1. Would you check if there is a residue in the stretch 283-299 being under 22 Å from the mean Cα position of the chain (by Cα), in contact (Cβ under 8 Å) with a residue 24 or more places away in the chain and more than 19 Å from residue 101 (Cα to Cα)?
2. Residue 262 versus (1) more than 25 Å from residue 4 (Cα to Cα); (2) in contact (Cβ under 8 Å) with a residue 60 or more places away in the chain; (3) within 16 Å of ligand 1 (Cβ to nearest atom): which is the lone unmet condition?
3. Looking only at the stretch 197-210, which residues are in contact (Cβ under 8 Å) with a residue 40 or more places away in the chain, over 14 Å from residue 116 (Cβ atoms) and in a helix (DSSP H, G or I)?
4. Out of the residues in the stretch 281-306 that are farther than 24 Å from residue 440 by Cα and surrounded by fewer than 19 Cβ atoms within 10 Å (Cβ to Cβ), which is modelled with the highest pLDDT?
Ligand code: AMP
Ligand code: ZN
């Protein structure tokens, strides 16, 4: 039986299978790069990463496409404020996003297209929509999608036409300029935005004059470019993207191509802080660096963000982070007890963490079934702890322990959890030493090599050496 996943469009759990042949065509709306992504954004990206890993470990190849939104009101405004070109500014935050993704052990997407690199595709899509009567230009050089021309509009979010509010603000908080432009209907949304003085040098020429693409258009164009204009198997994003963003993507793509845009919709619920969605606009956010500074490793953050059911909101708390730390340590102790039976060192655990699933997960079958059944990460972890609690190491021989390590390794691969990433020596180092090591790490991230070297020497003078690894750094007595 294929992996099962809830589909927002049909409101049911459906098998997740590529429509024709492999690979599974999976598109995710990516980050808007105008600052560091917060851990709410990462909840969504991590859940997508876990799904991809589960499908791969289940034997289906995945073509995972996640875009970079590198032109919108915020990227333009902030780049101007910082005196950088839009390209320099967004490259800086795209790099930071990649550094955080790596630290969180996220697999890089198969393709990561950028909106700016696809402007000609977006213009071509608008031309098609105008030609087919689904879009119209206005006097200020903008182009709008004619929502009334698409009968199925609102199908995904089940909005009736009469319930449509003005699309004056999208879920990214970007204004659609409802009052300034000459739209036929308040429900119509911008495909192309005529140039405004505050855009400064950030505009492209088009058949309708100078301007820039609207936010919704980029995803339709990048899906076409990555998947040759074919129907995709799966589309993901946070639940806030369901309306209007995904509704608008469907309208643009189906009106342009005349066939289904996407077969399966995958939305994840929000990370919350005290009852409100974690968001840049509310200022209630934490970044990965904020949590690292407080001593939580990226693996603990990853564990926290994926441990709850993806369809339920997750409330962010520091108690939750501490609980994840204990959970991860329990799994590490369990792996160590199995490795002791096979006479292996804990460094050899890495070799077991693999997408090659065993034919039989043995006592860990329930954990694997939970992942395959609507990505139930909470039940998966519960089942792993159930097995740990029964103390299987007491009765296993080397072959039995190896088989269990292999099953555990595939589950850890699917969850994207690496074990033993935090060196124990680091935990034991005095707080002052850890603080200097952290400052050196941050200097390194900021590419301030002189400061990083100075701090390394400072540590050495105190009798500690610092070693960098995939997830950060470790300090050890010199
Ligand atoms: P953005 O960078 O704002 O375009 O958002 C990138 C992704 O993060 C989108 O899929 C959003 O739906 C998602 N997202 C934003 N805030 C949260 C949150 N608090 N919890 C979970 N996902 C979020
Ligand atoms: Zn999108």
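1. Scanning the stretch 283-299, I find no residue that is under 22 Å from the mean Cα position of the chain (by Cα), in contact (Cβ under 8 Å) with a residue 24 or more places away in the chain and more than 19 Å from residue 101 (Cα to Cα), so the answer is no.
2. (1)
3. Across the stretch 197-210, the qualifying residue is only 198.
4. My answer is 284.
Per-residue answers, yes or no, for (1) outside the structural domain of residue 155 (by TED's automatic domain parsing); (2) free of Cβ contacts under 8 Å to residues at least 40 places away in the same chain; (3) within 12 Å of ligand 1 (Cβ to nearest atom); (4) part of a helix (DSSP H, G or I):
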| position | (1), (2), (3), (4) |
| --- | --- |
| 212 | no, no, no, no |
| 219 | no, no, yes, yes |
| 224 | no, no, no, yes |
| 230 | no, no, no, no |
| 235 | no, no, yes, no |
| 241 | no, no, yes, yes |
| 246 | no, no, yes, yes |
| 250 | no, no, no, yes |
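The values are calculated or read from the model by the stated rules, or taken from the named source; none is laboratory data. Everything numeric in this text was worked out from a predicted model, so none of it was measured. We place every Cβ from the backbone using ideal geometry, glycine too, and count neighbours over all the protein chains shown.
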